[in-house]
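Q: Got a structure here, written out as structure tokens. Questions coming.
The values are calculated or read from the model by the stated rules, or taken from the named source; none is laboratory data. Since we're looking at a predicted model, the values are computed, not measured. All Cβ positions, glycine included, derive from the backbone under ideal geometry; neighbour counts span all protein chains shown. Accessible surface is based on the protein model in full, side chains and every heavy atom, while ligands, DNA and RNA are left aside. Shrake-Rupley method; radii C 1.70, N 1.55, O 1.52, S 1.80 Å.
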Amino acid sequence: MKPRIEIDDARRRVVLTSGCNVMARELNRALISLVLEKPERADHDFILDLRESYGDGSHDDVVRTAEMFRACGAGRRASHTCFISFDGGFVHWARTMDFCFTNRTHQLFSTPEEAHAFLDRRQDGGRAAEAA
């Protein structure tokens, strides 16, 4: 089964939602395909809803994804990956990813609404700083 994908290039935001029986590696392949299709997405913000995903991802998967993001020019702007998960321990995995990606932070949220609100605040703050 494939993840559901929502792309908003104008807001530089991509949402990938795992459905029942979507493996973490399938979600990762979808993310990589989206960035390879349009390399500027390497600097988009991502929301990855993992609540129904199976955790078959590995450190090697993260490293390969980070390398591909760098090859596509990631790091031109500060960006964020927001994970939606019920696993409270996932925050440690997310923090580790901060060291793998250039100019990207990784956050953990309980709901997609929390993640969107976080990204909205970051984007609104960035627009205010640009206008000043």
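Q: Would you point out which residue out of Ala74, Ala78, Ala24 is at pLDDT below 90 and in contact with a Lys or Arg (Cβ under 8 Å, 6 or more places away or on another chain)?
A: Working: Ala78 fails: at pLDDT below 90; Ala24 fails: in contact with a Lys or Arg (Cβ under 8 Å, 6 or more places away or on another chain).
Sole residue among the options that is at pLDDT below 90 and in contact with a Lys or Arg (Cβ under 8 Å, 6 or more places away or on another chain): Ala74.
Q: Out of (1) part of a loop (DSSP other than H, G, I, E, B); (2) within 14 Å of Arg13 (Cα to Cα); (3) under 13 Å from the mean Cα position of the chain (by Cα), what's the single condition that is false for His80?
A: (1) is the only condition that His80 fails.
Q: Quick test of your reading of the structure: Gly57 fulfils all but one of (1) touching a Leu at 6+ places or on another chain (Cβ under 7 Å); (2) assigned to a loop (DSSP other than H, G, I, E, B). Name the failing condition by number.
A: Unmet condition: (1).
Q: Right, something else. Which pairs do you get when a residue that is under 15 Å from Arg64 (Cβ atoms), found in region 93-110, comes within reach of a residue that is part of a strand (DSSP E or B) and open to solvent by 30 Å² or more (accessible area, probe 1.4 Å), reach meaning Cβ atoms under 9 angstrom, with the pair 6+ apart or on two chains?
A: Met97/Thr105
Q: Can you pull out every residue in region 30-70 that is touching a Phe, Trp or Tyr at 6+ places or on another chain (Cβ under 7 Å) and over 23 Å from Gly19 (Cα atoms)?
A: Ala42, Ala66, Phe69, listed by residue number.
Q: Also, quick follow-up: Of the conditions (1) surrounded by fewer than 16 Cβ atoms within 10 Å (Cβ to Cβ); (2) under 23 Å from Glu113 (Cβ atoms), Ser53 fails just one. Which one is it?
A: For Ser53, the exception is condition (1).
Q: Another one. I'd like the full set of residues that are touching a residue at least 40 places away in the same chain (Cβ under 8 Å) and open to solvent by 30 Å² or more (accessible area, probe 1.4 Å), limited to region 1-37.
A: Arg11, Arg12
Q: Okay, next question. Among the candidates Phe86, Phe46, single out the residue that is more than 14 Å from the chain's Cα centre (by Cα) and of a type in the set (Phe, Trp, Tyr).
A: Numbers: Phe46 fails: more than 14 Å from the chain's Cα centre (by Cα).
Result: Phe86 is the single residue among Phe86, Phe46 that is more than 14 Å from the chain's Cα centre (by Cα) and of a type in the set (Phe, Trp, Tyr).
Q: Taking the conditions exactly as written (surrounded by 13 or more Cβ atoms within 10 Å (Cβ to Cβ), outside any helix (DSSP H, G or I) and of a type outside the set (Asp, Glu)), does Ile47 satisfy them or not?
A: Values: surrounded by 13 or more Cβ atoms within 10 Å (Cβ to Cβ): yes; outside any helix (DSSP H, G or I): yes; of a type outside the set (Asp, Glu): yes.
Spelling it out, Ile47 is indeed surrounded by 13 or more Cβ atoms within 10 Å (Cβ to Cβ), outside any helix (DSSP H, G or I) and of a type outside the set (Asp, Glu).
Q: Determine if region 77-86 includes at least one residue that is in contact (Cβ under 8 Å) with a residue 40 or more places away in the chain, over 20 Å from Val35 (Cβ atoms) and open to solvent by less than 60 Å² (accessible area, probe 1.4 Å).
A: Checked against the condition, which is being in contact (Cβ under 8 Å) with a residue 40 or more places away in the chain, over 20 Å from Val35 (Cβ atoms) and open to solvent by less than 60 Å² (accessible area, probe 1.4 Å), region 77-86 yields no hits at all.
Q: Next question. Could you list all residues from region 56-76 that are of a type outside the set (D, E, K, R) and open to solvent by less than 80 Å² (accessible area, probe 1.4 Å)? Walk me through it before giving the result.
A: Filtering region 56-76 down to residues of a type outside the set (D, E, K, R) leaves 57-59, 62-63, 65-66, 68-69, 71-75.
Result: Gly57, Ser58, Val62, Val63, Thr65, Ala66, Met68, Phe69, Cys72, Gly73, Ala74, Gly75.
Q: Next question. Could you check how many residues of region 38-76 are without any contact (Cβ under 8 Å) to a residue 12 or more places away in the chain and of a type in the set (S, T, N, Q)?
A: 1
Q: Any chance region 109-119 includes a residue that's closer than 14 Å to Phe46 by Cβ, open to solvent by less than 30 Å² (accessible area, probe 1.4 Å) and assigned to a loop (DSSP other than H, G, I, E, B)?
A: Checked against the condition, which is being closer than 14 Å to Phe46 by Cβ, open to solvent by less than 30 Å² (accessible area, probe 1.4 Å) and assigned to a loop (DSSP other than H, G, I, E, B), region 109-119 yields no hits at all.
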